[in-house]
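Peer 1: One structure, pasted below without further comment.
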Amino acid sequence: MEGSFIRDLNEYFAKKYANYERISAMPSYESVTISMLLKNMNRIEEGESASDEARKICSQPKKEAVLAELKERYTDDNFSYSFRIARMQERLACLFGRRQNTGTLLSSVIRTYGEDPAKLAPRLSLSEQDWAAVLRGKYIPEKVLLFRLFLLLGMRQEDCARLLRACGAFLNLEDARDVVVCYLLDYRIFNPDMVAAAFGEFRIRPII
């Protein structure tokens, strides 16, 4: 079971990961032209998308070797805090009730999954005080905290996208962590052991 899961993750990663600078630095990397990809395709209709595909691992003649080298050499240098302080105008708008803040939206979405927002702090590795500030809209969750919440609660894609937008965050397919999280969310894999195995496979620091 774990072997097939990792194979699926590898295939997904090879198709989605878009950091060409890192891919092209691998010893087994070979230059791939659009003509090579479009040999049996309609060049006019499919040429535009092929220009992006030519830069990905899935188009490499030795894709397994390139992916293995990337995993071996990958360093997770992606650091961010769990939250940031909301801007003054955002806090004032929330204080006077002029609009819904990120905290009230978070609470609303969390309740749809049968959870009490106020009780989630320990599971999110936050202090009670900091989590309470997030729920008041004083602090805005950063992407790492949102990912932790998505995976812990098994959130649906539409809710994940809604919360990312509200917090001014976005998915970056040049970041291995984001690609792995996308895979887990797309295929609704929330088992803690499988989540840990996915992060470990790419030598990414665990977030839950």
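Peer 1: Residue-wise, which Karplus ³J(HN,Hα) couplings in Hz belong to region 163-179, taking 6.51 cos²θ - 1.76 cosθ + 1.60, θ = phi - 60°, and x for glycine or proline?
Peer 2: 6, 4, 4, 4, 9, x, 10, 8, 7, 10, 6, 8, 10, 4, 4, 5, 5
Peer 1: To continue, here is another question. Report the full-extension gain for the segment Asp193 to Ser125: residue separation times 0.36 nm, less the Cα-Cα distance, to one decimal in nm.
Peer 2: 22.7 nm
Peer 1: For region 159-208, run through the trypsin sites (Lys or Arg not before Pro) and keep only the ones in DSSP coil with at most 15 other Cβ atoms within 10 Å of their Cβ.
Peer 2: Here the trypsin sites (Lys or Arg not before Pro) that fit, given the DSSP loop and packing criteria, are Arg188, Arg203.
Peer 1: Also: Measure off, as a whole percent, the carbon and sulfur share of the 1.4 Å-probe accessible area of region 116-181, all protein chains present.
Peer 2: 49 percent
Peer 1: For the residue pair Arg55 and Ile6, what label-to-label distance in nm results when each label sits 7 Å from Cα along the Cα-to-beta-carbon direction?
Peer 2: About 3.0 nm separates the two model spin labels.
Peer 1: OK, next. Taking R0 as 41 Å, what's the FRET efficiency between Ala132 and Asp77 from their Cβ-Cβ distance, rounded to 0.05?
Peer 2: 0.85
Peer 1: Amide H neighbours of Ile140 under 5 Å, counting only residues 5+ apart in sequence or on other chains, H built in-plane at 1.01 Å?
Peer 2: For Ile140, the qualifying residues are Arg84, Ile85, Ala86.
Peer 1: Follow-up question, since we're still on this one. Enumerate the calculated ³J(HN,Hα) couplings along region 120-135 in order (Karplus 6.51 cos²θ - 1.76 cosθ + 1.60, θ = phi - 60°), each rounded to whole Hz, writing x wherever the residue is Gly or Pro.
Peer 2: 8, 3, x, 6, 9, 6, 10, 6, 4, 5, 5, 5, 4, 5, 5, 5
Peer 1: Hey, another quick one. With a 1.4 Å probe and all protein chains left in place, how much accessible area per residue does region 54-208 have, in Å²?
Peer 2: For region 54-208, the per-residue accessible area is 52 Å².
Peer 1: In straight Cα distance, which lysines are under 19 Å from Lys71, not counting same-chain residues fewer than 8 positions off?
Peer 2: Result set, ordered by chain and number: Lys15, Lys16, Lys56, Lys62, Lys63.
The values are calculated or read from the model by the stated rules, or taken from the named source; none is laboratory data. Treat the numbers as computed from the prediction; the structure is a model and nothing was measured. Positions of Cβ are generated from backbone atoms using ideal geometry, with glycine treated the same way; all protein chains shown enter the neighbour counts. Calculation scope for accessible area: heavy atoms of the full protein, side chains included, ligands and nucleic acids excluded. Shrake-Rupley method; radii C 1.70, N 1.55, O 1.52, S 1.80 Å.
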